[in-house]
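The values are calculated or read from the model by the stated rules, or taken from the named source; none is laboratory data. None of these values were measured; they are calculated from a predicted model. Please note: Cβ atoms are built from the backbone with ideal geometry, for glycine as well, and neighbour counts cover all protein chains shown. Remember, those area values only see protein heavy atoms, side chains included, never the ligands or the DNA or RNA. Shrake-Rupley method; radii C 1.70, N 1.55, O 1.52, S 1.80 Å.
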Amino acid sequence: MNQNGFKKAHKLDDVCYDIRGPVLQVSDQLERAGHKIHRFNIGNPAHFGFDAPEEIILDVVRNLRNAQGYGDSKGLFSARKAVMQTRQLDGLLDTEIDDIYMGNGVSELINLTTLALLNKDDEVLVPSPDYPLWTAAVSLAGGKPIHYNCIEDDEWQPSISDIEAKISSKTKAIVVINPNNPTGAVYAKQNLEQIAKLAEKHKLVVFADEIYDRILYKDAVHTPMASLVKETLCVSFNGLSKSYRLAGFRSAWLVLSGDKASASDYIEGLDMMVSMRLCANMPGQYAVQTSLGGYQSIKDLVLPNGRLYEQIEYAYERLTSIEGITCVKPKGAIYLFPKLDPERYPIKDDQEFILEFLKQQNCLLVQGTGFNLKTNDHVRIVTLARKDRLDILFNRFEEFLQKNY
Ligand SMILES: Cc1ncc(COP(=O)(O)O)c(C=O)c1O
């Protein structure tokens, strides 16, 4: 330790993850001081009473003794086989077991895949707004996140012309988050086809974060990126945190597809990364086969009368009835990402805005800039809470806006 104390490493200088950032710390302090804070900031299903199916819990308990030792660094055979079979049912017939890597949440796999790929200043195209772990992980790996625009007036679809304009000789990869967090957009097949074509032409790795692919409303259809990308490497991410309500199990996987031959050196790097962390947690992997097989209760939750569907519909109606607020209706996932008309609500610093709302009304949201949006006029609302708690949020939000603007 030098005179000035221990300092965090420079590689963290550009890393920002506001979902669990400074406002959350204030919220924790308020809670410790005895205030009841209503949290609508993290997509954590269990905290809102979404229990995983009982069968999954029982199967994990039954297998717990078998989970004591280290396992294969790429993952448990039965879990990987179940992922392979699920992909087959999704029409992705050419998945092989060796293409599948299990991880401690998609979060860990995002870090491993970016660390294994990027050299200093390599660029990665990341959507704006994005799930900010992607931007943070690219920076941590020494790369440079370059944000491409998703267009609110076009239902938050990715701008293909912006992507094309931002591809440079340094671009190594493109991130596609579909269905999207925070916008709830489900991307049109023709847009995904164009992204695939651009990636193939410029030899970019496609990172497809599809963790919400089973959380779709009404007639929304999800197109897996792996069905479109053939002439370059595609890495698809999914896991148990959302559709199976098992975020605490930290159980997820990635699947390689497309032109694996030309990516053999990168794949060797990935193998090194997963070996270095020995193996993914074993109890979590014992949940995978039982989760992916058999009856899929998520299907009921997203249908009319299902909790996820009813809550997001209700939240959307309540929110958009507030003066000066508009919102693209989500087609998937578990969030609303509304816009506050900047003329009616001239917000200079959206983190300050969220902090004031927390201090005055004891409700916690996340500011739009926390998702790498450039403007200060959006917030993200998690729609996992029951209607009575959503009422608390919207009543207080309305009161806060009336009092302060
Ligand atoms: C788009 C997206 N990807 C990844 C994650 C993290 O998933 P996991 O719990 O598997 O680490 C989240 C969590 O909110 C997410 O929204």
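Apart from one condition, Asn44 fits all of (1) farther than 30 Å from Leu355 by Cβ; (2) among the polar types (S, T, N, Q); (3) surrounded by 11 or more Cβ atoms within 10 Å (Cβ to Cβ); the exception is (1).
Of all residues in the stretch 3-27, those satisfying the criterion of being in a helix (DSSP H, G or I) and surrounded by 12 or more Cβ atoms within 10 Å (Cβ to Cβ) are Leu12, Asp18, Ile19, Arg20, Val23, Leu24, Val26, Ser27.
Just one of the numbered conditions (1) closer than 20 Å to Gly43 by Cα; (2) of a type in the set (Gly, Ala, Ser); (3) open to solvent by 30 Å² or more (accessible area, probe 1.4 Å) is not true of Ser264: (1). Mind listing just one residue for me: the one in the stretch 28-55 that is free of Cβ contacts under 8 Å to residues at least 40 places away in the same chain and assigned to a helix (DSSP H, G or I) and, of those, nearest to Pro145 (Cα to Cα)? By that ranking, first place goes to Asp28. Counting only helices (runs of 4 or more DSSP H) wholly contained in the stretch 261-303, the ones carrying 1 or more residues that are among the polar types (S, T, N, Q) occupy 264-276, 282-285, 288-292. It is to be established whether one or more residues within the stretch 249-266 are in contact with a helix residue (DSSP H, G or I) (Cβ under 7 Å, 6 or more places away or on another chain), of a type in the set (Gly, Ala, Ser) and within 16 Å of the ligand (Cβ to nearest atom). Looking for residues that are in contact with a helix residue (DSSP H, G or I) (Cβ under 7 Å, 6 or more places away or on another chain), of a type in the set (Gly, Ala, Ser) and within 16 Å of the ligand (Cβ to nearest atom), one finds at least one in the stretch 249-266, hence yes. Within the set of pairs 6 or more residues apart or between chains, which connect a residue that is in contact (Cβ under 8 Å) with a residue 40 or more places away in the chain inside the stretch 146-164 to a residue that is of a type in the set (Val, Ile, Thr) and open to solvent by 40 Å² or more (accessible area, probe 1.4 Å) with Cβ atoms less than 9 Å apart? Within 9 Å, the pairs are Glu152/Thr326. Filtered by the rule that a residue be open to solvent by 50 Å² or more (accessible area, probe 1.4 Å), hydrophobic (A, V, I, L, M, F, W, C) and modelled with pLDDT of 95 or more, the stretch 76-117 gives Phe77, Leu115. Out of everything in the stretch 267-310 that is among the aromatic types (Phe, Trp, Tyr) and open to solvent by 30 Å² or more (accessible area, probe 1.4 Å), what residue ends up being farthest from Met84 (Cα to Cα)? Of everything passing the filter in the stretch 267-310, Tyr295 is farthest from Met84 (Cα to Cα).
In the stretch 282-294, the residues that are of a type in the set (Phe, Trp, Tyr) reach residues that are in a helix (DSSP H, G or I) with C-beta atoms within less than 6 angstrom, at least six apart or across chains, in these pairs: Tyr286/Val60; Tyr286/Asn63; Tyr286/Ala67. Given the structure, is Ile215 closer than 25 Å to Lys339 by Cα, open to solvent by 10 Å² or more (accessible area, probe 1.4 Å), in contact with a Lys or Arg (Cβ under 7 Å, 6 or more places away or on another chain) and touching a residue at least 24 places away in the same chain (Cβ under 8 Å)? In short, no.
Within the stretch 373-388, the set of residues being closer than 26 Å to Tyr17 by Cα, open to solvent by 50 Å² or more (accessible area, probe 1.4 Å) and touching a residue at least 40 places away in the same chain (Cβ under 8 Å) comprises Lys374 only. Those strands (runs of 3 or more DSSP E) of the stretch 75-171 in which 2 or more residues are away from the ligand (no atom under 14 Å from the Cβ) occupy 123-128, 144-151.
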